[in-house]
Structure formats: C-alpha cells, structure tokens
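Contents: one structure, followed by commentary.
The values are calculated or read from the model by the stated rules, or taken from the named source; none is laboratory data. Here the structure is a predicted model, which means the values were calculated and not measured. Don't worry about glycine lacking a Cβ; one is built from the backbone with ideal geometry, like all the others, and counts go over all protein chains shown. For accessibility, only protein heavy atoms count, side chains too; no ligands or nucleic acids. Shrake-Rupley method; radii C 1.70, N 1.55, O 1.52, S 1.80 Å.
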Amino acid sequence: MSAALEKFCGSVFWNASYLTRPDADLPECFQKTVLVWIPLGFLWVFTPWQLLPMCRGKERKSSLTKLYIFKQVLTVLLVLTAVAELVLAFLEDMGLDSPPAVQYTNPSLYMVTWFLVLLIHDTRRFCLRRDSGILFCFWILSLLCGILRFQSLVRRALQDSISDVPRFVLFFISYGLQLLLFLLSGFSDIAPEAKEMTNKNPEVTASFLSSITFEWYSRMVYKGYRKPLEIEDVWDLKDKDKIQAIYGAFEKNMKTAVRKAQAELEIRKRKKRQRESDPDHGNSMSKAQSQDILVMEEKQPKKKKKGAKGPHKDYPRGWLMKALGKTFWKNLLLSVGFKLVHDGLVFVSPQLLKLLIAFVSDEEAFAWQGYLYSILLFLTALIQSLCLQQYFHLCFHLGTNVRASLIAAIYKKALTMSSATRKESTVGETVNLMSADAQRFMDMANFIHQLWSSPLQIILSIVFLWGELGPSVLAGIAVMVLLIPINGFLVAKAKAIQVRNMKNKDERMKIMGEVLNGIKILKLFAWEPSFEKRINEIRARELKDLLNFTYLQSISIFVFTCAPFLVSLASFAVYVLVDQNNVLDAQKAFTAISLFNVLRFPMSMLPLVLSSLVQTNVSTARLERYLGGEEMDTSAIHHDPISGSAVRFSDATFSWEQDGNATIRDVTLDIKPGSLVAVVGAVGSGKSSLVSAMLGEMENIKGHINIQGSLAYVPQQAWIQNATLKDNILFGSELDEARYQQVIKACALLPDLELLPAGDQTEIGEKGINLSGGQKQRVSLARAVYSNADIYVLDDPLSAVDAHVGKYLFENVLGPKGLLQKKTRILVTHGISFLPQVDNIVVLVAGAVSEHGSYSTLLANRGAFAQFLNSYGNQEEAAEQNTTAVALEEAEEQRDETLEPCVEEGPDDVVSATLKREASVHRREFVRSLSTKSTSSWKKSQEEPPKKVKGQQLIEKEAVETGKVKFSMYLRYLRAVGWGYSFWVAMGYVAQYVAYVGTNLWLSAWTDDAERYQNQTYPVQQRDLRIGVFGALGVSQAIFLLFATMLSAHGAVRASRIMHQRLLSNILRVPMSFFDTTPTGRIVNRFAKDIFTVDETIPMSFRSWLSCFMAIISTLLMISLATPFFTIIVIPLGIFYYFVLRFYISTSRQLRRLDSVTRSPIYSHFGETVSGLSVIRAYGHQERFLKQNESTMDINQKSVYSWIVSNRWLAIRLEFVGSLVVFFSALLAVISKGTLDGGIVGLSISSALNVTQTLNWLVRMSSELETNIVAVERVHEYTKVKREAAWVTEKRPPQGWPSKGEIQFIDYKVRYRPELELVLQGITCNIGSTEKVGVVGRTGAGKSSLTNCLFRVLEAAGGKIVIDGVDIATIGLHDLRQNLTIIPQDPVLFTGTLRMNLDPFDQYTDEEVWKALELAHLKKYVQDLPERLQHLVSEGGENLSVGQRQLVCLARALLRKAKILILDEATAAVDLETDHLIQTTIRSAFADCTVLTIAHRLHTIMDSNRVMVMNAGRIVEYDSPEELLQKQGVFSAMAKDAGITNTETTTL
C-alpha cells in the first residue's frame, strides 16, 4: 500500500522518525494524499443529500442576495486555482521531467469538488435556511487538514528558498479563499422574501453556525436585558412546532394504539369473566356477536360500568408510551446520535489527562506534545459541549411537544367524553391532569435518554478503570452493586408516598375549587371556618407525606454522595493493600479520579431518572384511564329525513349511568316542524333529562330519537363565556348587523346594553359574574335565537327573569307571533300563563309521558294536568284573565311601537323618568373593584387609548411582576423556613466542602509519595495512615451533607405549612368584590402551581444552588493552589461569566413569568369548556373550541420554547468559558513544566475538567431559583389583599340575638367601590318583628344590594342598619351572618355528604336534621337513598335536580332557624308545585320570623304584610299590597302586567 502511494506521489509516504524530534513534521506525500482526501471524501459522501431539494422542484427558488453572489464568485475563483494547477502539471509534462500522478489527480479532484460546492450553493436557494451544515463542516475539515501543510510550507520557506514558487502561491491563494468562504458561511443568508418570516422567527433562516451556537437568539437576550419582555416580543413558533401539526400526528398514532389496547382489554375481560364464570356472561356475548367486531370494540368498554363500584376499574393500558414513541421517533433518534458522540468524548478527556501528567513527569518529552495535548483537550471539550447542547435542545423540545400534545388530547377528550366518564373525574382532577401529569411527562422527556446513557457511561468508566487499577476496581464495583438495592428500596417507598400525595393534592384542589365557586354561600352562611378546617386537615396529611418524601430524598442524596467517594476509597485501598509493589502514582490516581467523576453524573442521574419514571408511571396510568375512557355515544340519536316530523321519540328509554335506573321511560312522541311544544311536570319528573337525552348526553337503554335539522339549546342555568357580550351572542357566527339588532331587541337586551358600561363590548366575567341572573338567561336566549337553527330546545329559560320580561320574551321570541314562529320549539316551563298559547303540551310524570295534547284537550281529559291546574287557581278565572290580558296587549301595542317595551309602560311613567338614573346605578354595580393596585391601574389608564369606557373590562390582566426578583423574597422564604434552620443548613454545606478539598489535597500528597519512595519499599504505617485519613475525610463529607439535607427538609416543610396557611386564611377573608374581578383559574393557579413550587421545587433549588456554589469555590481554590498564575486568568473569565449571567437571567426570568401567565388561560378556558359542554355540543361548536384551545396553547408554547432556547444559548457560552478554564490550566501546567509535581497537575486539571458542568449548574440553579422564588412572590401577593371586616370583634351581640327580628334602615347609603356613585341612595324604613315584607322592583333597582347590605357583603357608605337595637356595623361578620338566614338565588352545594351540606359544623343532632328535611319535603327522597344522610353529593350538586338543590337550601335555612330570613328570588328555578311547597313551608315554619322576600313573581308576595317597591336605589312605595293596588302607582302597573287585579285572585 505505502509503496504504491510513494510511487503515486514520488516521495516518502510515512516515516516515524519525522515525529521524534523537537521540530516534528509530517511527510509531504502524506500531506498531499491523506490530508487532501479526508475532507473531499466527506463532502462527496454527503453531497447527494444536499442536492435533494433540486429534484423535488415544487418550491420556487428564492431570489439572489449579495452574500450568495459573493460566495459563488469565491467558489469560481477556487475552480480557477484548481484549473491553474492542472495547467501547471501539463506544462511541466511537456517540459523535461514528468510530474508524479498526484499533481494531476489532486487538481482534478478539487475541480469536481468546487463544482459540487457551486451546485450546493445554488440548490440551497430552494430552502429557507440557505446555507448548508455539510458545507460548513467541510470547510472546517479542509482548513484543519490544510493547516498542517500550511505550517510546513511556511517553515520550509523560512529555512531555505522555495523550490516550486507557482504551486506555493496557488496553495496560499486557495487556502485564503477557503478561509473566506468558511467565514461567510457563518453568516445567515436571508432572501428578501424571507425577511418577513425572519422577523417573526430568525431561527428558520439562521446559518448553521448560528444554529449550533444559538447565536440567532442573542437579539432576544439583549432585548430582554434592556426591557422586560412582553409576550408580543417573543418569536413565533415554526409551523411544525405549532399544536396543530404536533397534535395531528399524535392523534393519528393515539387512535391506532388505543384501538389495539381496547382489543387487549376485551381479551382480559373475557378471561376474567371465564374465571369468575359470570352467569351474565352468555347473555352479554350473544349481544356482542350480533354486532360486527368493530362496533363491538367501540361498544364493549361500556361494560366497564359493572365494576364501577370497585375503585379499580380496568381500562386500556400501555398504549400511551407507544403512541408518543411513534409520534416523536425522529427527535429521539437524533438525540441518541448526539448523546452517543458526547458520551464517547467524555472518556477522551481522562486519557488526555493521563498523557499530560506523564508529559509533566517526563523530563525528556518534547514541548510540542504538551501543546498538542492542551489543544486536543480544548477541542474535545468544545465538540462535547456542542453535542451536549444540541442533545439537550432536542430533549427539552421533545418535552414541550409531549406536554402540548397531551394537553391537547385531554382537551379534545373532554369535548367528546360520555357523561358517565365525566362523572368519574371532576374538573379539578382534569385540570390536574393538564398541569401536573403533563408536566411530569415533560420532565421525563428531558431525561429519557439517561435510561440507556447512564448504564453505558457506567460500563465504559469501569472498562477504563480496569485498565488503570486492574482487578482492584472490582472492590469499587461491589460497593456500587450494594448501593443498587438500597436505592431500589428508596424508590419504591417514594413511589408509594407520591401516589398518596397526588390523591391528597387532587382532593385539596377539588375542595378549593368548590370553595371558590361557592364563596358567596360560604360568606353568607359564615361557613368559612368549617372549610378552612377541612382544607387544613388535607394539607396536614399532604405535608406529613411531603416530609417523609424529603427524608427519603435526603437519604438517597446521602447514599449517592457517598457512592463515588466510597468507590474510589475501596478501589485505592484494595489496590495498595493487595500488593507491596502497587504504589499509587499521580497518573493512576488522577485518571481514576476523573473517571470516577465521570461516573458520578450517570450514577446520580440514574436514581433521579428512575424516580421520575416512577412518577411518570403514575401519571401514565391516570392519563390512560382518562384518555381511554368512553366517548359520548350518540348512536341513539338518528338524523333520518322523515316528512312531517322534526323530532320523533320512538320508545326512548334513557338513563344517566350505563346500568343505572332509567330516568326517561318509554317515551314515544312526534313533534311537527314549526310547532311550539311545552313540557311540564313536577320537580324531578325528568324534564331536564328529556332535553339531555335529545342532546345525546345520556346513556341509551332502548329506543331512539330522530332529529331533523340543527339544534340550538338554552340550558336551565345559563352558561356565559368570559368574553364580550357581543361575542357571547354571536358565539362564533358571522356578524349580520341587522339580524343582531333584531335579536337584541327581541330578547329585551337593549335596556341592559344602555346600563352596561361599554354596551355590547363590555367584557363579561367568568361564569357571567357581572350580569344578573335574568340578564344571563336573556344573553343565553339571544345566543340561541341568533344561531338561526331549525330546532330550539329551551330548558326553562323564563324562570330567571321577571314576570313582565318573561311575558315580553314569550310574545317576541317564543310565542306564536315571536321571532321563532316558523321554527320547532320545545319549551320546558313552569309558567302556567303561557300554556294556552302553545300548540302541544307534554306532561311528564316520573320520566314517562302521562298525557299530551293541546291545552283544551288536556283540560277536557280531566287527567293529571287538569288537577295540576286546579290546585293553582280556578280555570275560569285563569282563562278569563288570559282573554283580558290579550285584549290589553293589543290595546297597548300601538303605544309600544315607539318605545322600548318591557321597560316602560307609558311615556310619562315614573319608571322612564328614573331610567336614566338607573343606568348609572347599574354601571356601578358592574364595575366591581378592578384595581388591586391603584397605582399600576392609574399608569395603565394613562397609556391606554381613551376609547375604553370605564368598566368595560372587568377582569384585569394578570399582573406580571417585572424586573429583578426582590431580595426580600428570598429573605421572606428563609424567614418562613426559620433563621436557625437556614444558618445550620448553610454551615453543613460549608463543612462538607471543606472536607472535600481536604480529601483531594490529601490524595495529591499521597500520590507524591510514589516519587519520594521511588526505589524503596513503601512503609506500612505510612500506607495505613494515608488510607485511614482519606476514608475519614470522605465519610465526614457525607455526614455533613446528611445533616444539612435533613435540616433543610424540616425547614422546607415548615415554610410550606406557613405559606399555605397564610394564603388560605387570607383568601377566605377577602371581600366578595375580589372574587368578582379575579378569575377563579388565577386563584386556583396560586393554590396548585405556586404552592407545588414552594413545596417541592424551591427547597431542591436552594440545596442545589448552595452545593454548586461551594463546589465552584473549592475547585477554583485547588487550581490556583497548583498554578498561581491561574488567578490572573480567572478575573477576565469571571467578568465574562458575570455579564452573560446578568443578560441571561433577566430574559429567562421574564420568559418563565410569561410562561406562567400564559398558562392560566389554558386552564381557565378548559374549565369554562367543561362547564359549558352540553351547550358547546348542542351547537356543534367543538371544532371552534379546539381551535381556540390551540391558539391559547401556541402562545404558551411560544414562551416555553423561547425559554428553552435561552437556556441553551447560555450553556453554550458558559461551557466555552469552562473549556477555556481547562485549556488554560493545561497550558499553564505545560509552560511551568519543570517546577510542578505530577500530583498537583493532576489535581488541577481533573478539577478543571469538572468545573464546566458545575459552572453550568450554578447559572441554571441561580436562574431556577430566581424563577421559582416568583412563586413566593405570587403567593405573598394574595396574602396582602385587603381583608373584609373581622369575623368576631370585641363587641359580641347579646345571647340569643336577634330575639325579635326588627330591622331598621336609617338613611342607609351604599356603593360598590369608593370612586363609584351610590347604589342605595339613603334608605329609611322599619320592618317590624315577624313581619313579612316583599321587595319588588325592576332589574337593577337595588333589590339584591339590599341583601348584600344586611349581610355586610357591602359596607355602608352612610347611615346604618339596626337589628334589635344592635348596629350591625359594630359587631363581627360571623356574629352577624350566623344569626341571619338566606335562601340564595343559585342553589350551591358542595362535594361531601348531604349532612355536611346541611350542617358543616355538626352543631345539630340527626333528629333535627331529619326534621328539617321533612319540612323541606325531602325526607321521603332522602330515606329512599341507600346511604340516606351520608349520601354523597357530587361536584356542584350535579346528582340532584335543580329543584332538589333548591329544597336542600331550604332545609339549610330551616335548620338554622334564625329570627330573620331573606329569600332571594329563590323560587325562580322551581315548578309551581314545588314553589307551592316552599311557600307553604316558609309560611308555617317561619311564622314567627321576619321574612324579606326579593321576588320576580308578584304572586309570591301578594300575601305579605307589606310590599317595598324599589327604584334606582330608593324606596318608591312601601305599604300593604291591598293599599298599593288601590293606589294607581308603580306596583299596580306591575301587577296588571302579571295579570293580578286583586289580591284574592291568587291562592298563592
């Protein structure tokens, strides 16, 4: 081979003697062949890939740029140099001597290569990123190989004259051109048409160099340093990183995987059934066989319900990881590649270190060797860090994408989930799946490769160590193997605790969510202490587990700190003791030590990865159960065209649970197109269930429902989105201005728009918090009307509005003359007055249709319906009343044309005069306290364009703290930990590192013994001393660490306890206005994410930071001891380090803040979606909500991705500093060769090799700490919110107060916020003992404000309220609220037993509770329940009908039996029968109490002692109903509207 090559180039190919001299060089032939062919070969192999875009030919070429032209010109010049060289060879050949073959081949090869480069440059114009990584690598290779030839030519020219001038010149020209091209390829080549994209995201056009060093990101870092970043500043995601693309791929794989898993589940079940030889088995099989296999797969999981009572229900398993793997395999493969290169290079450094120590110890070695080793050390460190950063980037990227696809999957699942599956997990739990479990996957993805990489590194280390120390290594390995079971045990324990803690966390979040949703009830009933106690009990359990978990953690940290040290101690001791001749010298010891250091990382990572894997396993199970759950099964809803029928029920039987009792039984109905059908029946007769069955929300038992055309649905409890009023009505449809105006007018929303601060642009709060019940219902109705569907399903929409408004809505929207007259309308109603006008009435009794037909038919039948009507007033009167009402209507219609109906009776009415005033009152009511920080909101208002009307925006933007985290936050946290704890923890760490430095210096001295006792035997006692002290120092290290971690565990739990307690107690004590302006999601976020951070993340970050900081200080100390000159180099490096750090931290911190701020909308939107599921599904808007979720998530992804890149940007720069530290410590050692011992050089460089990683960690930990401490800041922010008045004050009311129940208002004024106008304008009135007073008035007259004042939800702005001689402003809130009773407008129930809902403090005996239930007409219902009083109420009372919930609220009031009762429109959601029950109960049970009724229906208050008519915050009339009817005033006008002419007509 070598002979052929020598012939080929006409000179010696290889001669080793060239290298064994001070001025070493390579033979010329070697330089001309091997060094030329390596780079060329590389390029030729990879060129085909580079030319691929040319062949696709779909894309257009991008236009020329200056840079591109410049590159091509340089390449053409290179072609010319190659041509010139070839010409030279031919000229020489024509002369006398024929040149060797190499002179022809090389120029020809170069010519072909440069042509390829031209081609590649041109091809890259098809791509966005116009320069090629392959070319960049080729230039580097070519320049590196060329540099050897370069130096030998220069040296030869300096020694004697140049023999071959033309070739000499050509080489330098070509080398110069290559250098220029290399430099140019570092710049990004951006085509003019890509400018736009580059501004949105520079990454897409960044050059190769810029990509691997993340230089393209620098712009962002500078921007972040100059000013706090906003979400608008963050660059967009690449298209392939957007949720749509990621989730699309994941969903495809998920579907196939789930299908397989479900098939396996079937097999499992079948086996189980055979084992149990279930008698039901045969029957269920025959049913399944009748369907084809696929349907069987879909249907079968429903059988799950059989075991649903047991906690562990089977579900499709093991598919999630497969699906994720299939989706992200490219990323996984690439990162494996990078990781392999990195892991290989990790082992090169110790070998180079060994050579360096040998070089220093060897007097004869040539200087160039030392420099070569130093440069090689630097290069390996550099390549290693580039690979590592690419690998990390891929991993973190994978993590965010996995998280995103999981969240998207959970969201989509929530939209399609069957109602039975939905009951299994509460909203709180699903949000937890999104936040905690998806986050776990993200963390896991970051380290997934450690699972194979750690064992690989461990094995390689052992192999190299064997080479150093021989069999003695086995002692070290034995120690490691012993540690594995210990670790396994710890992991298993930790897993158990973790699972338990997830349950506690779920439970705590569930209660927390309910408390926040029902906070108003909690306040009105003074129940906060009971719930605070419940939450604190769960929290105590959680913290106890947390403490145990942290103990386990500290033990495992202890074990793993001991590990590397114990391993090295065992190995060295055995090595020295085994054989007298074995002397530990510097080469062996420090190569071994640096290998042990390499070992340290995988060994500490492995347990972390395993525990992370454990947690991910828990999460996998939870996610698989959720995502594999049943989908909504709408197979029973058909859409066949049947002429003459819009909706047809055929023998339809439905239930809520798969095997539950049927709620709808054998319903057969035919509803004609365009007809108006009323559904009536008592509470719990299944009216709402009938509607749900039509919407496909229930489980089909038999029969089907056929629906033709699109649906619109108005639920019983209006669902309002957090958006503007206009968006709520449009609900994603196009705006058609004329129709929109028509709808608003018909739905009686015009007067409301006048009242709202910004008309239809007013932002509505979460759950419609700033609209009254009636307004919500009208908006909900308007949404349905605007959607222009074919079939309208209306679940009692008129219940929440006043009687006259209800009448108006019926006339203008629902009735025979309304907007919807041509549509099919199915109306569930409790109002009798409308029944004569409907086409068909369906009477439901216990879920079955008892009769149906027109009004007159049913009356003639004398069936259930006739009795139902009989019990509520005489027919004749009702009919007569109707005709008079209709006549009146017609008379009034002419007048109404010009005015807004439903608001004013006549132009000169009192009402119209006060309307304008009312508008301002109303505005006040809505603009609840917006600014928590008055200054910031003032500043905002200065900058904002003036077009925003006051109060238009209800929910404020979440405050994002900007700027450096205040130092006081750290102090606040440490104070919570306790100063004593903090001090001793720090001392423990200091002691640990003192011992660490001691250990290393001792080892260095030990290795120098090898020199001292070179030709003598090594004294035994010296040997034993060395081993003993080494061991003692090592053990003390670990013990100090254990001491510190144990203490910090205690401190951290203490801090967690204090912070949660403060947060909770404050949130329960803030005034209502706070909850109106703060979305629940935001408060929940404080309790979930931020408390989690305080519990688990901050303590870890603090510990890691301390330990990194100490490690760096100790390393720099050791290097400076070896080579004092190093201190000079430390200074500039330190400055560079500091600046990079400051730049980075300000950007990173802000990005993390943006992340948490952009994350809450994801959860808020999710919560909103889940609560409005039936509406979204009924309208068929799932797609639109998915899209909205995608865009919300993309915004969050954007900030997360940016944050990840900022970490990589930093790491690359820091590792460069680390590589320089290594380089300089090696270089200094080479320079001061003569004066150093091997031991100290080994110590210095092995510490330096270690420093890179530690430097990196220090910055990472600093920024992590800064980022996480924000949680303390956020929690603290909510502990500072201003509280309401004290619960109990010095002044207690007398025992048994109020005994009489007299209420006096004395010139009482109130406003919602200091800067707003009054809502109640000085009310003065007396309410006597046991008097029954009805309060009426139009919407916004201040009726509800009156109750708020009695309970001091609003504090007085003037005047006072006196109850039984006590001014209520002088006593504690609880003393006041516990002695009043209210039956609130919305019946709110909490999860827990029925008994807990009635009596959370266990103050009453069971007899008393049963008595109350009996009076509330619930006794029979509760006695029939299997668990009776212990019956579990589901979240929000979902498993009771609205009427039953209302009765439970009545029972609450009866149990309290206070002297004063307030009824707030309580009878709105109840049918007449229940209404009747409630009224009679209140009459009898509360006969000796003062009762205030705030009524919508005038019937309810006609028998009051007195009626108070309110308007615009004043009392307009106040007298007995008889008097007021005689006096032609506001009240009599309202009564006329409701069809009441004299008090006797109504039996109510």
Check your understanding: Too long at a 24 Å Cα-Cα cut-off: which of Lys510/Lys544; Lys326/Lys493; Lys687/Lys823; Lys200/Lys966?
Key -> Lys326/Lys493; Lys200/Lys966
Revision key, fill the gap. Per the Kirkwood formula over distinct C-alpha pairs, the hydrodynamic radius of region 766-867 in angstrom is 14.9 Å
Review point. In whole Å, what are the Cα extents of region 700-788 along the three principal axes, biggest one first?
Key: 51, 28, 20
Practice item. Take every Cα-Cα distance within region 474-582, group them into 10 Å bins from 0 onward, and report for each bin the whole-number percent of pairs it holds. Key: 13, 26, 19, 15, 12, 8, 5, 2, 1
Review point. Calculated FRET efficiency, Lys1300 and Arg1062, Cβ-Cβ r, R0 30 Å, to nearest 0.05?
Key: 0.15
Point to revise | For region 1057-1101, alpha-carbon Rg relative to the globular expectation (2.2 N^0.38 Å, N residues) | key: 1.28
Practice item. For Trp452, tell me the accessible area in Å² from a 1.4 Å probe, rounded to the nearest 10. Key: 80 Å²
Check your understanding: Given a 1.4 Å probe and the protein chains all in place, what does the accessible area of Ile1098 round to, in Å² to the nearest 10?
Key -> 0 Å²
Point to revise | P(r) weight above 17 Å for region 1191-1327, C-alpha pairs, percent | key: 81 percent
Practice item. Give the Debye-formula value of log10 I(q)/I(0) at each listed q (0.28, 0.29 Å⁻¹), with one equal scatterer per alpha carbon of region 980-1035, two decimals each. Key: -1.07, -1.10
Review point. Relative to a virtual label point 7 Å from the Cα of Ala621 in the Cα→beta-carbon direction, which members of region 503-536 show backbone nitrogen distances below 18 Å?
Key: 503-507
Check your understanding: Just one of (1) 68.8; (2) 71.9; (3) 135.0 is mean projected area of the Cα convex hull in nm² calculated from these coordinates, so which is it?
Key -> (1)
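Find the percent of Cα-Cα distances in region 1296-1426 that exceed 20 Å, and round it to a whole number. Can you show the working numbers first?
Values: 4876 of 8515 pairs.
Roughly 57 percent, once rounded to a whole number.
Can you tell me the convex hull volume per residue for region 336-489, based on C-alpha atoms, in Å³ to the nearest whole number?
147 Å³
Would you calculate the volume per residue, in Å³, of the smallest convex hull containing every Cα atom of region 1089-1202?
Hull volume normalised by residue count: 109 Å³.
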Study note, to complete from the structure: The computed P(r) of region 594-725 puts the percent of Cα pairs beyond 24 Å at 53 percent
Point to revise | Span from the region 1118-1146 Cα centroid across to the region 961-1022 one, whole angstrom | key: 20 Å
Review point. Summing -39500 (n - 2.57) over the DSSP H runs of n ≥ 4 in the chain and dividing by its residue number, what mean residue ellipticity at 222 nm do you reach, to the nearest 500 deg cm²/dmol?
Key: -20500 deg cm²/dmol
Practice item. Grab the Cα-Cα distance for Val1281 and Glu6, subtract it from 0.36 nm times how many residues apart they are, and report the gain in nm with one decimal. Key: 450.3 nm
Check your understanding: If r is the Cβ-Cβ distance from Asp839 to Asn661 and R0 is 22 Å, what FRET efficiency results, to the nearest 0.05?
Key -> 0.10
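Is region 824-875 rounded, prolate or oblate when judged by the Cα gyration tensor, a ≥ b ≥ c being the square roots of its eigenvalues, rounded requiring a/c under 1.5 and prolate requiring a/b larger than b/c? Before the final figure, lay out each step's value.
Numbers: a/c = 1.42, a/b = 1.15, b/c = 1.23.
Taking the square roots of the gyration eigenvalues as a ≥ b ≥ c, region 824-875 is rounded.
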Check your understanding: If you find the alpha carbon centre of region 465-484 and of region 314-366, how far apart are they in angstrom?
Key -> 22 Å
Revision key, fill the gap. The simple spin-label model distance between Tyr18 and Val990, using points 7 Å out along Cα→Cβ, in nm, is 6.0 nm
Study note, to complete from the structure: Among the DSSP H helices of the chain, those whose Cα atoms extend at least 18 Å along the helix axis and whose mean Kyte-Doolittle hydropathy is 1.6 or higher are 165-184
Review point. In angstroms, what radius of gyration and Dmax does region 1-116 have, counting Cα atoms only?
Key: 19.0, 60
**Study point:** Largest-first ordering by accessible area, 1.4 Å probe, given options Arg156, Arg541
**Key:** Arg541, Arg156
Exercise for review: Could you tell me the accessible area of His639 in Å² (1.4 Å probe, neighbours in place), rounded to the nearest ten?
Suggested key: 130 Å²
Review point. If you find the alpha carbon centre of region 1-48 and of region 139-179, how far apart are they in angstrom?
Key: 15 Å
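Taking all protein chains together and a probe of 1.4 Å, list Lys503, Lys272 from the most accessible to the least accessible. Don't skip to the answer; put the middle values down first.
Details: Lys503 135, Lys272 105 Å².
Listed by decreasing accessible area, they come as Lys503, Lys272.
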Review point. Which sequence of Arg539, Arg739, Arg1483, Arg862 reflects their accessible areas, 1.4 Å probe, from the largest down?
Key: Arg862, Arg1483, Arg739, Arg539
Revision key, fill the gap. Rg (one decimal) and Dmax (whole number) from the Cα set of region 1015-1151, in Å, equal 24.8, 88
